[in-house]
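Coordinate-derived values only; no laboratory data. Just so it is clear, the model here is predicted, and its values are computed rather than measured. When we count neighbours, we look across all protein chains shown, and the Cβ atoms used for this are built from the backbone with ideal geometry, even at glycine.
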Amino acid sequence: MAGPVIRSSNLQFFLARADQARAEAEAATLDHVRERCRRSEAAWTALADKAQRSEQLREQDAKRKAESAEAVTEPTTVR
């Protein structure tokens, strides 16, 4: 499945950018630069959290649809 791989790489990208922004904030000597980096870290972290929640919802939805399709295709026993 190519879809989850792409989404996973997006999540990894968001997390990497948040880590980079965190490191830049720690290295910053100017207050306004440090604050900008912290805002950037927060934004990237929020994107990562959203991507992770979206992936979990997709997985739950796919599981629900598979269970529903399985229930429809199972033969019913008539007595």
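Over region 2-73, how many percent of alpha carbon pairs lie in each 5 Å bin up to the one with the longest distance?
The calculated distribution, bin by bin, is 3, 17, 17, 15, 12, 10, 9, 6, 5, 3, 2, 1, 0.
Could you work out how far apart the two model spin labels at S9 and E70 are, taking each label as a point 7 Å from the Cα in the direction of the beta carbon, and quote it in nm?
Modelled inter-label distance: 3.1 nm.
In debye to the nearest 20, how big a dipole does region 2-73 give about its Cα centre with +1 on each Lys and Arg Cβ and -1 on each Asp and Glu Cβ? Intermediate results must be reported in sequence, preceding the final value.
Values: 13 positive and 12 negative charges, 34 e Å.
That gives region 2-73 a dipole magnitude of about 160 debye.
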